[in-house]
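The values are calculated or read from the model by the stated rules, or taken from the named source; none is laboratory data. All values reported here derive from a predicted model rather than from experimental measurement. Cβ placement follows ideal geometry from the backbone for every residue including glycine, while neighbour counts extend to all protein chains displayed. Note: accessible area is taken over every heavy atom of the protein model, side chains too, but ligands, DNA and RNA are not part of it. Shrake-Rupley method; radii C 1.70, N 1.55, O 1.52, S 1.80 Å.
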Amino acid sequence: MERLDSNQYQGMVEDQDNTSNAPKAKKSIRITTTDSNLERLIEITKSMSKEMRRDFDKMYGRILDLLDISVKTPVISALAQFWSSDLHCFELPNLDLVPTIEEYTRMTRLPIDDNVGVYSYRGRYVDERKIAKLIGLHPDQLKLEKRGAIQGLRKSFLEDHLEALAGRGSWHYFNKTLALTIYGLVLFPFAPNMVDHAAMDVFAQYETQGLNPVPAILADTLLTLELRTLFPDPLRDFGRIKVKRQEAREWKKELADIQDNKIAWTCPWYSPYEVIFSCGDFANVPLMGPRGCVAYTPSIALRQLKRTQVKPVEEQLGGICFQYDAPDVSQLLVRVRAAWRNVQRKGDDELGKPRVSASQEYNEWRKARGVPEYVLREAPHAEGSSRSSDETLKAMASELERARAQIKQLEEVEEAAEWEIDALKRQCKKKDEQIERLKIQGEENQTQGEHLKKLLAELADARNDTKNWWGLAKNYHEKNEELSQKVIKRKLKAKRKKQEADEAIEGWRLRTNVQRDKKKEWMKRCDDMADCVNYHSIELARRLGEAEDEIDRNPEIQLPPKTARFMRYCQDLARGFGREPKCLM
């Protein structure tokens, strides 16, 4: 995997003496890091308000915060010396470490949803015209640059586009362009100051289909370690944690001496419910990145996931590791894609309750397998270096600079040659067409030439008109988006008012039903009272008639005055009820 670099740090490892009685030593590796200049990009993001940053985080996760993280080159260089290709983890003398999907997911705030899926390489990268549409550019405006076999967008081009979008207030395309830039410069760095085609592919799949990029980020990290060329990986770094300023040699010694009971295995806020343990028919987790695939073994990092570390099964260790340009990998790619459609997770039932510890069986296995020792050679600027070592290192650095200059010059020559070849091909094609036209047209050549010039002029005018119409259409599209947002807001407001009116009508309907029930109750009471009054009026008239008949049969009876008054009162009452009694004398 080709990597271009500007600011470099080289950590060199001294070969172990063959005559020494020390434990086995790992072969030395050379580490190169690239530090991208993100100052202008950070300055551009300062134009974003807090609300805009929150909206960006909701859309793309916490990747914007990665711009503020400084890369500690000596720490990374020293840690990389402990990478084991057999186990796919950092094999320190006293403990094993490996970046995990759960850690990357937590830091980026991009949880993996099985219903959506993750990034998958599909045999070719995204069409650049699709990228142009996503970031609000016409395909003719997208300026791709080639550096040998690498093709991508220059950082300065994207920064210019971001400033133009911010100036116009086109924040919809601003967010997409900013996310694309972070994908290429921070999450998937490859060539300095360039967002290459592979990073564009991961961004396009997330933007258009929501496919999670976290496994691809981890794959790029592990594959980089496997290929022995290390680049900045901010996801393994925390900007708020103070890191001692030491050289790689000092960090190397500190990492070699660290004990498993002296390390904070997890962050206090990290508490995973389930762990992605394997996929499909793989014993571990096959990660598919934008440039290759590599196996990741979570069973060797259980303490980092707040679990008890047990001895891993032999089939879980190591695994696949290849780049897409390798031969005969098509069937393996099909297996990896199918595996991510069947993700196996394990939780408390399989791994036990969260507890950071290691089993005795694991400790014995680690001790038995024998961990190699690593001896870091002095850097060129370290104290106590011999004069011959300085001269050797200076000569090596000078030779390296000359080689880089030659490579750069050859790349420029190659690029210029490619452009010249393409231009010659186009010229030859035009000449062939002209010859054919001359053979057919003959004497009409001059007239046809003038006509052709006129057509070319009209074509140029039409092209200018097309550009103008494109600008108008773009403005119309942006205004249409704003109008759509206003219409949506008005619809929501009308919906709320209708809902409030429906609630009010429902309240009145309930109150009307209550009043209607009360009315029925009072009408029933009135009917009952009327029936009662009617009955007693009839009974009063009947009994009053009987009393009058008895008085008539006994005329000698003289009623007392009060009784006579009562009888007259009853007669008046009976008349009031429509009953005509006899009159008492």
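At-a-glance table
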item: Residue count for segment 282-339, restricted to those that are in contact with a strand residue (DSSP E or B) (Cβ under 9 Å, 6 or more places away or on another chain), open to solvent by 10 Å² or more (accessible area, probe 1.4 Å), among the β-branched types (V, I, T) and assigned to a helix (DSSP H, G or I); result: 0
item: Residues located in segment 160-195, provided they are farther than 21 Å from D220 by Cα and within 22 Å of the chain's Cα centre (by Cα); result: L162, S170, W171, H172, Y173, F174, N175, K176, T177
item: Number of the condition not met by R168 [criteria: (1) closer than 19 Å to I63 by Cα; (2) of a type outside the set (G, A, S); (3) surrounded by fewer than 20 Cβ atoms within 10 Å (Cβ to Cβ)]; result: (1)
item: Count of residues meeting criterion [closer than 16 Å to A338 by Cα and open to solvent by less than 10 Å² (accessible area, probe 1.4 Å)] in segment 262-281; result: 2
item: Every residue from segment 351-363 that is without any contact (Cβ under 8 Å) to a residue 24 or more places away in the chain and surrounded by fewer than 13 Cβ atoms within 10 Å (Cβ to Cβ); result: K353, Q360
item: Contacts under 7 angstrom Cβ, first residue in segment 202-214 being in contact (Cβ under 8 Å) with a residue 24 or more places away in the chain, partner surrounded by 19 or more Cβ atoms within 10 Å (Cβ to Cβ) and of a type in the set (K, R), 6 or more apart; result: E207/K176
item: Boolean, Y183 is open to solvent by 10 Å² or more (accessible area, probe 1.4 Å) and at pLDDT 95 or above; result: no
item: Unmet criterion (only one of (1) at pLDDT below 75; (2) out of contact with any strand residue (DSSP E or B) (no Cβ under 9 Å at 6 or more places or on another chain); (3) surrounded by 19 or more Cβ atoms within 10 Å (Cβ to Cβ); (4) not aromatic (F, W, Y)) for D237; result: (3)
item: Residue in segment 129-144 that is under 23 Å from the mean Cα position of the chain (by Cα), surrounded by fewer than 16 Cβ atoms within 10 Å (Cβ to Cβ) and touching a residue at least 40 places away in the same chain (Cβ under 8 Å) present; result: yes
item: Lone unmet requirement of (1) crowded, with 19+ Cβ neighbours inside 10 Å; (2) closer than 18 Å to G210 by Cβ; (3) without any contact (Cβ under 8 Å) to a residue 60 or more places away in the chain for R122; result: (1)
item: Number of positions in segment 514-571 that are of a type in the set (A, V, I, L, M, F, W, C) and within 60 Å of the chain's Cα centre (by Cα); result: 1
item: Among (1) more than 23 Å from L305 (Cα to Cα); (2) open to solvent by 50 Å² or more (accessible area, probe 1.4 Å); (3) in contact with a Ser or Thr (Cβ under 7 Å, 6 or more places away or on another chain) - the single one R62 does not satisfy; result: (1)
item: Qualifying residue in segment 95-114 (condition: open to solvent by 40 Å² or more (accessible area, probe 1.4 Å), touching a Pro at 6+ places or on another chain (Cβ under 9 Å) and within 24 Å of R249 (Cβ to Cβ)); result: no
item: Unmet requirement for T34, which otherwise passes all of (1) open to solvent by less than 20 Å² (accessible area, probe 1.4 Å); (2) modelled with pLDDT of 90 or more; (3) farther than 27 Å from V310 by Cβ; result: (2)
item: Within segment 48-162, helices (runs of 4 or more DSSP H) holding 2 or more residues that are among the aromatic types (F, W, Y) and modelled with pLDDT of 90 or more; result: 50-60
